[in-house]
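S.K.: I am attaching a structure below and will ask some questions about it afterwards.
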Amino acid sequence: MSDAETLTTATEPTAPSSDIAPAARRGRRGEEIAKILFVVPAALTIIALFGYPVVKNLAMSFQNYTLRTFINGKAPWVGLQNYVAVVTDELFTKALVNTALFTIGSIVGQFVIGMLLALFFHKNFPLNGVLRALFLLPWLLPLIVGSAAWRAILEQDSGILNVTLETLGIVDAPIPWLTSPDVALIAIILVNIWLGIPFNLTLLYSGLQDIPEDLYEAGALDGATGWKAFWHITWPNLHAVVSITLMLGVIYTLKVIDIILGLTQGGPANATQTIATQSYQRSFVEFKFGQGAALSNILILISLVFAIVYLRATRRQVDE
Amino acid sequence: MATHQQRPAAHQTRRRLRTGIAIVLLALMLFPIYWMLNISLQPSGGTLPSSFFPPHPSLAGYNTAIQDQGQNLVTSMLIAVGTVVLTLLIATPCAYALAQFRFRWINWALLAILISQMIPGIVIANALYTLYENIGLLNSIPGLIIANAAHAVPFGILIMRSFMLAVPTSIVEAARVDGAGLVRAFLSIVVPISRNSLITVGLFAFLWAWGDFLFALTLTTPGNITPVTLGIYTYLGAHISNWSAVMATAMLASIPAIILLVIAQKYIAAGATGGAVK
């Protein structure tokens, strides 16, 4: 029996009221209902805003769901047609490759820079806390604001990056960062790295803080300092935080739409289309909701694969 | 003797040097935001200025921004505040229940909440568009508030639950013994004690709803409800003829994040790590 129950049963008889027994019974019943009511709004929200969309998307992806559906209410079942249409589209492979490059490039960049910064801030110096907190700013701004700022910096003719590169004599002609199919993907990866650094820094820093100081003291006695200490003490102890940082990073990056739309709208010549932007395009530009749903389901499937890999990896760790 | 005095001195220098390096790194990181401010204060047309300080600071860009986007800023504010209220109303009781009541299915509920955070926004937008079309919530502030709460509720439950796990059952029980009902004990004891986690969740709900672009883009049609993020996107989409107005709007849209980061640093830091690690 739990403490809570012991307490209530113990106090009931001492209550002054004479008709305590039925009241208590009614109270207990009411209490069980009240407990459930605490959860009901959230449960309904999650069912309506996550459960329903997932099921609805699955259904839509097997239907010919277009603008006409809104007019006549008809969305005929078409089997796998939507999936066939999106997968055989010439853009699909490109979008898939772009998604992979965008995700890998962003994650590697964010993680390495975030890790170096976390190690740096793990040292003790004046103003450490304030400066580290200010690093969070890019992450808290609306993504579209970040896109706007970088649009100004990367602008081909008068943007400060090209102006600086030309003044320093590093390049002869301005680089068309966002307007050339050859460099646009690199440019959006760089911007996304900038946006992801705060998240990686914060998680990895808190992971470093949780490593007990005496491990380093003991290591120092055995001659493990500097890089040796990093490889033999920091890295193994940071394993759990590193894997969750990477997993969340991958899941967040796969679904990025805002930044790409703000910077390039998927262009030039589809050089920055990903599965996520394609899904948006099909549904909300071409109004082929069935195909958009098929693409977004493929996106969920990819995220799911990563989540399963992560779960298996962490479980193996626990078993060890 | 000499070495004893030298070592702390060298140590001091090294610490100051680190602060210096940190400031340089921070300046690099925040350069895009400074640049936005710089351009917003320089009257400019389609060509961007390249001086590092505005030679003749002007608020002309802000004038245009407020004329074009003032209404949109108000819309965004209404959506953000609405999202905070709705998120806290829904998530707080649930967080408490999952932390303190002994339901048998708690692990399943937590798993469902974790998975829900993985669902891409575009999936929600796809389904909500068709739903909203039917029930008349397209192009409405309540429609956008509900969609934004989708993002914040699961996060809010996880953050507040991990905080409420630490609320000692004994103080709630003491209130119950004094005759307080479940709801009253929750409102008068648990909520005040967990205030910090409510603030953290409220802050993030506000910032997410304020910065939301995907729902604003998909659940409205042009010319109706326009949150400021959508306003900036419209500015950016066309050929940009007035950079200072675009950057001024972007600066105005950054103000909530800047203010909250300065005055509520510890709550932000709590949310940044809490959602992922705990």
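The values are calculated or read from the model by the stated rules, or taken from the named source; none is laboratory data. Quantities reported herein were computed from a predicted structural model and do not represent experimental measurements. Neighbour counts run over all protein chains shown; Cβ positions are idealised from the backbone, glycine included.
S.K.: Look through the stretch B:77-107, keep the residues that are over 23 Å from the mean Cα position of the chain (by Cα), assigned to a helix (DSSP H, G or I) and not hydrophobic (A, V, I, L, M, F, W, C), and return whichever of them is farthest from the other protein chains (Cβ to nearest Cβ).
M.R.: Of the stretch B:77-107, the ones over 23 Å from the mean Cα position of the chain (by Cα) are B:97-107.
From what's left, assigned to a helix (DSSP H, G or I): B:97-100, B:106-107.
After this cut, where a residue has to be not hydrophobic (A, V, I, L, M, F, W, C) as well, the list is B:100, B:107.
Numbers: B:Gln100: 9, B:Asn107: 14 Å.
It comes out as B:Asn107.
S.K.: Let me ask something else. Which residues, taken from the stretch A:216-262, are polar (S, T, N, Q) and not in a helix (DSSP H, G or I)? Full working, then the answer.
M.R.: Here is the first cut: in the stretch A:216-262, the ones polar (S, T, N, Q) are A:225, A:234, A:237, A:243, A:245, A:253.
Result: A:Thr225, single match.
S.K.: Being within 25 Å of B:Leu252 (Cβ to Cβ), surrounded by fewer than 21 Cβ atoms within 10 Å (Cβ to Cβ) and not aliphatic (A, V, I, L, M) is the requirement here; does B:Gly202 meet it?
M.R.: no
S.K.: Among the residues of the stretch B:69-76, are any surrounded by fewer than 21 Cβ atoms within 10 Å (Cβ to Cβ) and touching a Phe, Trp or Tyr at 6+ places or on another chain (Cβ under 8 Å)?
M.R.: no
S.K.: Do we have any residue at all in the stretch B:195-209 that's at the interface with another protein chain (Cβ under 9 Å from one of its Cβ atoms) and more than 18 Å from B:Pro154 (Cα to Cα)?
M.R.: Scanning the stretch B:195-209, I find no residue that is at the interface with another protein chain (Cβ under 9 Å from one of its Cβ atoms) and more than 18 Å from B:Pro154 (Cα to Cα), so the answer is no.
S.K.: Then there is this: So which of B:Ser51, B:Ser44, B:Ser40, B:Ser76 is among the polar types (S, T, N, Q) and over 30 Å from B:Ile225 (Cα atoms)?
M.R.: The match here is B:Ser51.
S.K.: Give the residue, chosen from A:Ile160, A:Ile188, A:Ile153, A:Ile175, that is β-branched (Val, Ile, Thr), away from chain B (no Cβ under 12 Å) and surrounded by fewer than 23 Cβ atoms within 10 Å (Cβ to Cβ).
M.R.: None of the other options fit; the residue is A:Ile175.
S.K.: Another question, then. Being in the same structural domain as B:Trp208 (by TED's automatic domain parsing) and under 23 Å from A:Ile302 (Cβ atoms) narrows it down to one of B:Ile135, B:Ile171, B:Ile159, B:Ile115, so name that one.
M.R.: Among B:Ile135, B:Ile171, B:Ile159, B:Ile115, only B:Ile115 is in the same structural domain as B:Trp208 (by TED's automatic domain parsing) and under 23 Å from A:Ile302 (Cβ atoms).
S.K.: Consider A:Ala293 against the criteria (1) part of a helix (DSSP H, G or I); (2) in contact with an Asp or Glu (Cβ under 9 Å, 6 or more places away or on another chain): it satisfies all of them except one. Which criterion is unmet?
M.R.: All conditions are met except number (2).
S.K.: Pick out the one residue from B:Leu110, B:Leu138, B:Leu114 that is part of a loop (DSSP other than H, G, I, E, B) and more than 18 Å from the chain's Cα centre (by Cα).
M.R.: Within the list B:Leu110, B:Leu138, B:Leu114, the selection yields B:Leu138.
S.K.: On to the next question. Could you give every pair whose Cβ atoms fall below 7 Å, whose first residue belongs to the stretch B:39-59 and is away from chain A (no Cβ under 14 Å) and buried (at least 16 other Cβ atoms within 10 Å of the Cβ), and whose second residue is aliphatic (A, V, I, L, M) and part of a loop (DSSP other than H, G, I, E, B), counting only separations of at least 6 or pairs across chains?
M.R.: Correct list of pairs: empty, since none qualify.
S.K.: Quick check on my filter: what residues within the stretch A:250-277 are in contact (Cβ under 8 Å) with a residue 24 or more places away in the chain and more than 10 Å from chain B (Cβ to nearest Cβ)?
M.R.: Residues satisfying the conditions are A:Val250, A:Thr253, A:Ile260, A:Thr264, A:Gly267, A:Pro268, A:Ala269, A:Asn270, A:Ala271, A:Thr272, A:Gln273, A:Thr274.
S.K.: Let me ask something additional. Given the criterion among the hydroxyl-bearing types (Ser, Thr, Tyr), surrounded by fewer than 17 Cβ atoms within 10 Å (Cβ to Cβ), assigned by TED's automatic domain parsing to the domain that holds A:Trp139 and within 21 Å of A:Ala276 (Cβ to Cβ), identify the matching residue among A:Thr103, A:Thr88. Please lay out each step first, then the result.
M.R.: Values: A:Thr103 fails: surrounded by fewer than 17 Cβ atoms within 10 Å (Cβ to Cβ).
From the options A:Thr103, A:Thr88, the qualifying one is A:Thr88.
S.K.: State which residue is nearest to the other protein chains (Cβ to nearest Cβ) when the search covers only the stretch B:223-244 and only residues that are part of a loop (DSSP other than H, G, I, E, B) and closer than 20 Å to B:Gly121 by Cα.
M.R.: Filtering the stretch B:223-244 for residues part of a loop (DSSP other than H, G, I, E, B) gives B:223-227, B:238-242.
After this cut, where a residue has to be closer than 20 Å to B:Gly121 by Cα as well, the list is B:225-227.
Numbers: B:Ile225: 16, B:Thr226: 13, B:Pro227: 9 Å.
Ranking the qualifying residues of the stretch B:223-244, first place goes to B:Pro227.
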